[in-house]
Amino acid sequence: MTKVRCVVFYTVIDPTGNDRTSGGPQTALNIINNIESLGFSVSICTPQGEFKDPNKSAFNVYHDIFNDPGGSYWFTIDDQSSLLNSKTPYIFSECAYTGCTTEPYGDDIYEINTLSNLTRQFISKARVSMFASPLHRDEFEQFMNQPINNSFLYAREVDTDKFNNLNIDRDIEYFTVGAINHWKGTDLVVDQYKDLGLHVAGYGSTSLRGVVNLGKVSNDKLPEIYNRTKNFVHLPRWKEAFGRTVSEAALCGCNIIGNENVGALSYNKDLSDPSFYSNSKNRFIQMIKDNFS
């Protein structure tokens, strides 16, 4: 009988928890599912549970292991040392910039600090360092002040059966969705498009006067709204690692109004093409075969 090889997915935020609609948990689950499709058994280790010895796996994934700005839920220093010094090969995976800075949304502070020095070590020892886009990788290199030679670009997988163009009449001129805050640039979108029929969905603190406020919309209802939309607007102030909503809107036939801070746009690919996302999954699976089989 063939022995099932074990992989441990180390993470601060358990992707099997209640919030599975935001980009981070979706990405984590995609990674786990893809690894399991190759016959590996994947277990999840968080700082809230029992620590699993990284030396007992075929390989490991260190995914957003600093994704807590206050540091309250980081793995202990002993745990971090065990992960860093393990002889088992690993993937170092980041969804944003939590391995570089504790500033909200990766503020433009490119200075080497204790955290970024630690992440430098994790990246240098990783078999693969995984980023969401060319922009994401380039920003990490700026934080690290050095090139990352073992990088792999993993464009976010999007459900192309769910998000697709229904070719229906579009009655919404402009639409934006997501966390409503300064860093996401919601105020910039509101200022520019509030008198032009702007619809906003999400939650947060930015003033939404003069727009149609849809509130928090469930992920299941978003495809319908995208399909009613002519122009999807996303103007973040921070360097967004990917920007899943931009891909969802593009797949649903929206014209995209973005800026240089949207990671998905840094691929310079047709984001409305479903094959872009299936190819991302296939490339990820091939990367696992090439590096860990």
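Readers should treat all values here as calculations from the given coordinates under stated rules, not as data from a laboratory. As the structure is a computational prediction, the values presented were derived from the model and not from experiment. All Cβ positions, glycine included, derive from the backbone under ideal geometry; neighbour counts span all protein chains shown.
Here are a few things to note about the model shown:
- Of the peptides 202-214, 29-41, the ranking by mean beta-carbon count within 10 Å, highest at the top, reads 29-41, 202-214.
- 3J(HN,Hα) couplings calculated from phi for region 88-96 with the Karplus curve 6.51 cos²θ - 1.76 cosθ + 1.60 (θ = phi - 60°) are, in sequence order, 7, x, 9, 9, 9, 10, 10, 9, 9 Hz; Gly and Pro show x.
- Cα Rg over Rh - region 172-272, Kirkwood: 0.92
- Across region 64-223, the mean sequence separation of Cα contacts (distance under 8 Å, 6 or more residues apart), normalised by length, yields a relative contact order of 15 percent.
- Interchain or long-range residues, amide H under 5 Å from Gly204's placed H: Ile180
- Taking the chain as a Gaussian network of alpha-carbon nodes connected by springs under 10 Å, the highest mean-square fluctuation of the residues Ala201, Ala155, Ala241 belongs to Ala201.
- Here, P(r) means the percent of Cα pairs in each 10 Å bin from 0 to the largest distance; for region 46-149 it is 15, 51, 30, 4.
- Considering helices alone, the calculated mean residue ellipticity of the chain at 222 nm is -9000 deg cm²/dmol, with DSSP H runs of length four and up weighted by -39500 (n - 2.57) and normalised per residue.
- Proximal lysines relative to Lys56, as straight alpha-carbon distance under 28 Å, when same-chain residues fewer than 8 apart are discounted: Lys3, Lys87, Lys125, Lys281, Lys289
- Computed E for Ser43/Asp138 - FRET, C-beta separation, R0 30 angstrom, nearest 0.05: 0.35
- Amide hydrogen neighbours beyond the local backbone of Arg156, cut-off 5 Å, H modeled: none
- Across Phe122, Phe163, Phe51, mean-square fluctuation computed from a Gaussian network of the chain (C-alpha pairs under 10 Å connected) peaks at Phe51.
- Net charge dipole size for region 172-272 [Lys, Arg +1 and Asp, Glu -1 on Cβ; Debye, nearest 20]: 160 debye
- Largest GNM mean-square fluctuation across Lys194, Lys87, Lys221, computed for the chain with C-alpha springs under 10 Å, falls on Lys221.
- Simple label model, 7 Å out from Cα along Cβ direction - Ser72 to Phe51, nm: 2.1 nm
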